1. Which of the numbered conditions does Thr223 fail, given that it passes all the others? Conditions: (1) buried (at least 19 other Cβ atoms within 10 Å of the Cβ); (2) at pLDDT below 95; (3) part of a helix (DSSP H, G or I).
2. I'm trying to understand the selection: among the residues of the range 179-201, which are assigned to a helix (DSSP H, G or I) and of a type in the set (Lys, Arg)?
3. Being polar (S, T, N, Q) and farther than 21 Å from Gly39 by Cβ is the filter; apply it to the range 148-173 and report the residue that is most open to solvent (accessible area, probe 1.4 Å).
4. Sort out which residues of the range 23-58 are more than 17 Å from the chain's Cα centre (by Cα) and either open to solvent by 50 Å² or more (accessible area, probe 1.4 Å) or acidic (Asp, Glu) (or both), and write them in order of number.
5. Which number in (1) open to solvent by 30 Å² or more (accessible area, probe 1.4 Å); (2) in a helix (DSSP H, G or I); (3) in contact with a Leu (Cβ under 7 Å, 6 or more places away or on another chain) marks the one condition that Ala123 misses?
6. Quick check on my filter: what residues within the range 189-215 are of a type in the set (Phe, Trp, Tyr) and closer than 19 Å to Ile157 by Cβ?
7. Can you report the number of residues in the range 79-94 which are closer than 13 Å to Thr170 by Cα, open to solvent by less than 60 Å² (accessible area, probe 1.4 Å) and assigned to a helix (DSSP H, G or I)?
8. Condition first: closer than 26 Å to Tyr198 by Cα and not in a helix (DSSP H, G or I). Now tell me which residues in the range 27-78 satisfy that.
Amino acid sequence: MRIELDFAAVLSQWPLLAKGAALTLVLTAISAVLGLLLGVACAWARTRGPAWLKWLAASYVELVRNTPFIVQLYFVFFGLPALGVKLTPDLASVIAMVVNLGAYSSEIVRAGIEATPRGQIEAAQSLALTNRQVFTRVVLPPALAKVWPATVSQIIIVMLGSAVCGQISTEELSYAANLIQSRNFRAFEAYIVATAIYLLMAIAVRRALNWAGPRWLFGGRPTGGRHG
């Protein structure tokens, strides 16, 4: 059986692919910022918060980490309207990605916080810093620096997981690939091209975050991971 590949039929639809890739990156950027903030908040709650808040944060983390992302996405997009909350596909995708990343990143950040030497915290307290100042200025920056490579990996996982957002008509990259193959019936070529684009985006995002993290977030502190 002879198979003839026609990538030109797919690449001729480059505006759709470019639009899908751009939206994927936008969704990733928004969810990375908000998801990491949510993760830090939950990590603080589990390490420094009152008992009821620790329980609430732990329940959220366990719920999200033990359910499929696509179920979380469907709950946000199809379930919330039953409560009167109507969302666009893009907004529902962002919310689901933020909720998912927040749960996973909270455990990563918590590991970094718990690795902070006790003497470092006591030294900060001896300088009459408030608990908030100790956490935000002494504990959090080095904790993030220690776990930054793992955090970046989790952001990449969430970006690749955004491929299922096409199931609710979010016009990201996988949606574009599905649309192209439905028009020209070149499914093999369409998904090979989409795979290559995801690979390039993952490499680019990882390198960008590994470059930006030490410079912008940690004041030049090394993250302990390779930056290549």
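1. (3)
2. Correct list: Arg183 only.
3. By that ranking, first place goes to Gln167.
4. Trp44, Arg46, Arg48, Pro50, Ala51, Trp52, Lys54, Trp55, Leu56
5. Of (1) open to solvent by 30 Å² or more (accessible area, probe 1.4 Å); (2) in a helix (DSSP H, G or I); (3) in contact with a Leu (Cβ under 7 Å, 6 or more places away or on another chain), only one is false for Ala123: (3).
6. Result: Tyr198, single match.
7. The total comes to 4.
8. Asn66, Thr67, Pro68
The values are calculated or read from the model by the stated rules, or taken from the named source; none is laboratory data. Given the structure is predicted, the values throughout are model-derived calculations rather than measurements. Heads up, the Cβs are rebuilt from the backbone with ideal geometry, glycines too, and the neighbour counts pull from every protein chain shown. Just the protein is used for accessible areas: all its heavy atoms, side chains included, with ligands, DNA and RNA removed. Shrake-Rupley method; radii C 1.70, N 1.55, O 1.52, S 1.80 Å.
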